[in-house]
1. What whole-number value in Å² describes the accessible area per residue of the chain for a 1.4 Å probe?
2. Could you give the length gained by full extension between T18 and L157, i.e. 0.36 nm per residue of separation minus their alpha carbon distance, to one decimal place?
3. What full-extension length gain, to one decimal in nm, is calculated for H204 and R115 as 0.36 nm per residue of separation minus the Cα-Cα distance?
4. Calculate the spin-label point distance for M94 paired with S147, positioning each point 7 Å from the Cα along the beta-carbon direction, and give it in nanometres.
5. Ignoring everything except DSSP H segments at least 4 long, calculate the 222 nm mean residue ellipticity for the chain; use -39,500 (n - 2.57) per segment, divide by total residues, nearest 500.
6. Can you give the Rg to Rh ratio for segment 1-115, taking only C-alpha atoms and Rh from Kirkwood?
7. Quick one: what Rg and Dmax do you get for the chain from the alpha carbons, in Å?
8. Working out 0.36 nm times the residue gap between L166 and H5, then minus their Cα-Cα distance, what length gain in nm do you get to one decimal?
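The values are calculated or read from the model by the stated rules, or taken from the named source; none is laboratory data. Everything numeric here is computed off the predicted structure, so don't read it as measured data. Reconstructed Cβ throughout: ideal geometry from the backbone, glycine too, with neighbour counts over all protein chains shown. Keep in mind that these areas ignore ligands, DNA and RNA; they rest on the heavy atoms of the full protein, side chains included. Shrake-Rupley method; radii C 1.70, N 1.55, O 1.52, S 1.80 Å.
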Amino acid sequence: MTHLHIALWGVLPYLSLTVLIAGTAWRYRYDRFGFTTRSSQLYESRLLRVGGPLFHYALFLVIGGHVMGLLVPEWITERLRVSETAYHTVALAMGGTAGLAAAGGLGVLLWRRVRVPAVRRATSRSDRLVLPLLTAVLLAGLTATASSVTNPYDYRLGVSVWFRSLFELDPDVPAMAHAPLEYQVHALLAMVLFALWPFSRLVHAFAAPVGYLFRPYIVYRSRARGAGM
């Protein structure tokens, strides 16, 4: 392996993760009220009602597909008697559909940001950098997914092995260095996106009100007429 391979697949992932964690902690310390999407719903809501839910819900499916593909070893699906053909067929159908939906939703949001003057004026410098990068990450992922139709490459024996080895602090650099170019581009763009994450509107993902899903019901009781008088 060359020094470039080691730098890209053995060092860069940890640098990206370090910036993500340290940057998020720094921003929470000094810009806690900045953990927001800087909503522009006040300026335009019709396109936002279409693009926003489409992008976010599809993105959840995309993330779920990545978790299954990267973290679940191939031997587990084999023990569950899921054939390789069936796995890749379902992964291609669901991953491709979710990816296209996410790209479509993001496309609507970008169109809205460009075409609506008030929304365009509210676009920050970080938006002009991160939003095209997010688009590139999605398109690179779709390209990698589409390539699996004709390319016999099994990412679960390559990219997934590299990704899991990062958690063992022993990166399997050759596993990623021998992956097809589209997978490498997708991974590199994702690492750059994660490094920029804390300094953009994307940081609002860490402030999602998940706790509201588990809060007990608030009981309201009316006071009897004349009580306390």
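1. For the chain, the per-residue accessible area is 66 Å².
2. Length difference between fully extended and current span is 47.4 nm.
3. Length gained between H204 and R115: 29.6 nm.
4. With each label point 7 Å from Cα toward Cβ, the separation is 2.4 nm.
5. Using -39500 (n - 2.57) per qualifying helix, the result is -20500 deg cm²/dmol.
6. 1.09
7. Considering the chain through its Cα atoms, Rg and Dmax are 21.6, 84 Å.
8. 56.5 nm
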